[in-house]
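Below is one structure, written out as structure tokens; comments come after it.
The values are calculated or read from the model by the stated rules, or taken from the named source; none is laboratory data. Computed from a predicted structure; not experimentally measured. When we count neighbours, we look across all protein chains shown, and the Cβ atoms used for this are built from the backbone with ideal geometry, even at glycine. To get the accessible areas, we keep the full protein, side chains included, count just its heavy atoms, and leave off ligands, DNA and RNA. Shrake-Rupley method; radii C 1.70, N 1.55, O 1.52, S 1.80 Å.
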Amino acid sequence: MSFRLAIGQAFSQIGRNKVMAAASLASITAILLVLGVFFIVVVNVNNMAEGVKQDFDQIQVYLEDSVDDARRAELEAQIAALPGVAGTAYLTREEALEQWKLKWGENADLLERMPENPLPNSIIIDVSDLDLASAIVAGVSPLEGVEKVNYSQDTVDRLLHVTRVVQIVSLIIILFLIFISVMVVSNTIKLTVVAREKEIAIMRYVGATNWFIRGPFLLEGVFIGLISAIISATVIGVLYHYFIDRWGVDFLLLTSSSFVDEWFLTQNLLIIFAALGISIGACGSIVSMRKFLER
Amino acid sequence: MIEFRGVSKKYGANIGVDDISTSIGDGEFVFLVGPSGAGKSTFVKLFLKMIDADKGHIFYKGYDVTKLTPRLVPAHRRSLGIVFQDFSLLPKKTVYENIAFAMEIVQRPTRVIKRMVPQALDLVGLTKEANKLPNELSIGEQQRVAVARAIVNNPDVLIADEPTGNLDPETGWEIMRLLEQINRRGKTVLMVTHSREIVNAMNKRVIAIRSGKIVRDERGGLYHPDEDDDPLVCARPSEEALPLT
């Protein structure tokens, strides 16, 4: 008897116990599907937050029109000396207008109709540490020649907070779902174990090791978990694909950040689900056998 | 050699065995007798390490069974063969497969299995029944399969728990002849039984247990009426029992 024999036995066990195997397959698949939805939400929220953070790791300092090149160089030097500043760049009002035109795309002609460029010259500060952003704003604002400092600290804080909450809540729900699926699998396997109690008793009397007895049951759990993982990752992948097709553009316009790539996500989902499904199956079978192998 | 030294085991308030000391030499044939609940099964289970002793030591082959870690228990059991009252054959496996199963689960190579199973079948006289399912056999034949399974891994000790309990006298004797034959090949045989006829006819060592204590241990012993099931007898203190020899 070897690994091959254990695999054969695991399959015949699933065969003997079709209804319950199907039931636990369905339960794990359902749980993984819900889990997958949360996973997608978390990944996209993270992605969006990263994008927003990148948008917000810059502080724009509008300069008064009276500021000349010498004063501007002085200002840049003063700003660069502040902690948390990675670098500074000068943006002329003409360059700023060009950027706006790019951002607005098709609607750029609205800007053309302006009688004159409404934008001021500005210095762009790259922030190395978002936590220091408020201190930089406070340090720059009183400097001579600064008209206004443009930075939305509140938005960033709120966004980071929301992201944190979404992550924690999802994590709790995911852990809860994993716990439930371990229970479901262990109950299914317990039925197979009970059906083979006599066989297990003989095995123990003759001197089979616990791991030898556990093997086929463990594999049964692993198979059920793996198949559930493949089914649910495929379903989630397909649904996500259609979702992006249908709403991807709207989302882009709404948040100016795009969905996480579907192939990248589906592949990762498959790996994560496979790992999860296998561990759920394995844990379930070990839990269910514990009592029968005590001695 | 099997040696029990001051072994006690309680189940809550109930006594399983109480300060038992005895030893069984290699190649001996021993009957373990006593009323139900006297501690015979506890004795066997302790030796198999199916339960843990509260006190005392059980020495076997130079190690202390009571000290075995769970990892070492399977190896211990492999040196013992066990026959149960209810045969414990797997109904969906053939006679051959039932015996081979005992070798498969201790991971013996296939060629060894192919050589040993026919030998065991030959010993119990069931070569022709190899491909039958257990329910196609008589009860006596089923028990012989169980004996074949118990000895196929070549254990040093054969433990038989009421092996004739479910058999008619004639079939019971078949099994006894088989056990005696195995004993003559040098195996230690420890048999738990209630059968007066068998104990009296076999003229072997008899260890009688009552209320968890060994009340009699004699070579060529006979079965005493006290050893019959009787709740009143069971409840009586062991001091009134027959003296130890």
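Can you report the number of residues in region A:83-98 which are surrounded by 14 or more Cβ atoms within 10 Å (Cβ to Cβ) and hydrophobic (A, V, I, L, M, F, W, C)? Of the residues in region A:83-98, 4 are surrounded by 14 or more Cβ atoms within 10 Å (Cβ to Cβ) and hydrophobic (A, V, I, L, M, F, W, C). Here B:Ala38 meets the list (1) away from chain A (no Cβ under 14 Å); (2) open to solvent by 20 Å² or more (accessible area, probe 1.4 Å) almost entirely, failing just condition (2).
Among the residues of region A:173-192, at least one is touching a Cys at 6+ places or on another chain (Cβ under 7 Å) and either over 23 Å from B:Val106 (Cα atoms) or open to solvent by 40 Å² or more (accessible area, probe 1.4 Å) (or both).
Only one of the listed residues (B:Glu174, B:Glu180) is away from every other protein chain (no Cβ under 14 Å) and either open to solvent by less than 10 Å² (accessible area, probe 1.4 Å) or modelled with pLDDT under 90 (or both). That residue is B:Glu174.
Here region B:70-85 is the region considered, the condition is being within 11 Å of A:Gly207 (Cβ to Cβ) and part of a loop (DSSP other than H, G, I, E, B), and the residue that is nearest to the other protein chains (Cβ to nearest Cβ) is B:Ser79.
Of everything in region B:61-84 that is polar (S, T, N, Q) and touching a residue at least 40 places away in the same chain (Cβ under 8 Å), the residue that is surrounded by the fewest Cβ atoms within 10 Å (Cβ to Cβ) is B:Ser79. Here region B:34-60 is the region considered, the condition is being closer than 16 Å to B:Val189 by Cα and touching a residue at least 24 places away in the same chain (Cβ under 8 Å), and the residue that is farthest from the chain's Cα centre (by Cα) is B:Tyr60.
For region B:91-112, a residue qualifies if it is basic (Lys, Arg), facing chain A (nearest Cβ under 10 Å) and either without any contact (Cβ under 8 Å) to a residue 12 or more places away in the chain or within 19 Å of B:Glu136 (Cα to Cα) (or both), and the qualifying residues are B:Lys92, B:Lys93. Of all residues in region B:46-59, those satisfying the criterion of being surrounded by 18 or more Cβ atoms within 10 Å (Cβ to Cβ) and within 14 Å of chain A (Cβ to nearest Cβ) are B:Leu46, B:Phe47, B:Leu48, B:Lys49, B:Ala53. Could you tell me whether B:Phe31 is in contact with a strand residue (DSSP E or B) (Cβ under 7 Å, 6 or more places away or on another chain) and in contact (Cβ under 8 Å) with a residue 60 or more places away in the chain? So B:Phe31 fits the description; yes.
Considered as a group, the residues in region A:172-199 that are more than 16 Å from A:Val287 (Cα to Cα), free of Cβ contacts under 8 Å to residues at least 24 places away in the same chain and under 39 Å from the mean Cα position of the chain (by Cα) include one that is nearest to the other protein chains (Cβ to nearest Cβ), and that residue is A:Leu175. Remark: B:Arg144 falls outside the filter, which requires a residue to be among the basic types (Lys, Arg), crowded, with 23+ Cβ neighbours inside 10 Å and either in a loop (DSSP other than H, G, I, E, B) or within 14 Å of chain A (Cβ to nearest Cβ) (or both).
The residues of region A:246-277 that are in a helix (DSSP H, G or I) and at pLDDT below 80, listed by number, are A:Arg246, A:Trp247, A:Gly248, A:Val249, A:Asp250, A:Phe251, A:Leu252, A:Leu253, A:Leu254, A:Thr255, A:Glu262, A:Trp263. Residues in region B:156-178 that are touching a Lys or Arg at 6+ places or on another chain (Cβ under 9 Å), assigned to a helix (DSSP H, G or I) and among the acidic types (Asp, Glu): B:Glu174 alone. Would you check if A:Phe292 is at pLDDT below 75 and within 14 Å of another protein chain (Cβ to nearest Cβ)? In short, yes.
Would you say A:Val169 is in a helix (DSSP H, G or I), under 30 Å from A:Val45 (Cα atoms), at pLDDT 85 or above and open to solvent by 50 Å² or more (accessible area, probe 1.4 Å)?
Considered against the rule, which asks whether it is in a helix (DSSP H, G or I), under 30 Å from A:Val45 (Cα atoms), at pLDDT 85 or above and open to solvent by 50 Å² or more (accessible area, probe 1.4 Å), A:Val169 comes out as yes.
All conditions in (1) more than 9 Å from every other protein chain (Cβ to nearest Cβ); (2) buried (at least 17 other Cβ atoms within 10 Å of the Cβ); (3) of a type in the set (S, T, N, Q) hold for B:Ser88, with the sole exception of (1).
Residues are listed down the side, and each one gets a yes or a no for (1) surrounded by fewer than 17 Cβ atoms within 10 Å (Cβ to Cβ); (2) at pLDDT below 80; (3) within 33 Å of the chain's Cα centre (by Cα):
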| residue | (1), (2), (3) |
| --- | --- |
| A:Gln13 | no, yes, no |
| A:Ala22 | yes, no, yes |
| A:Leu25 | no, no, yes |
| A:Val37 | yes, no, yes |
| A:Gln54 | yes, yes, yes |
| A:Val61 | no, no, no |
| A:Leu75 | no, no, no |
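If we scan region B:3-14, do we find a residue that is out of contact with any Lys or Arg (no Cβ under 7 Å at 6 or more places or on another chain) and among the acidic types (Asp, Glu)? Looking through region B:3-14, at least one residue is out of contact with any Lys or Arg (no Cβ under 7 Å at 6 or more places or on another chain) and among the acidic types (Asp, Glu).
Contact map, region A:200-216: residues that are at the interface with chain B (Cβ under 7 Å from one of its Cβ atoms) and open to solvent by less than 10 Å² (accessible area, probe 1.4 Å) paired with residues that are at pLDDT below 80 and part of a loop (DSSP other than H, G, I, E, B), Cβ distance under 8 Å, separation 6+ or inter-chain. Pairs shown: A:Ile202/B:Ser88.
Among the residues of region A:132-151, none qualifies, meaning not one is hydroxyl-bearing (Ser, Thr, Tyr), assigned to a helix (DSSP H, G or I) and assigned by TED's automatic domain parsing to the domain that holds A:Ala22.
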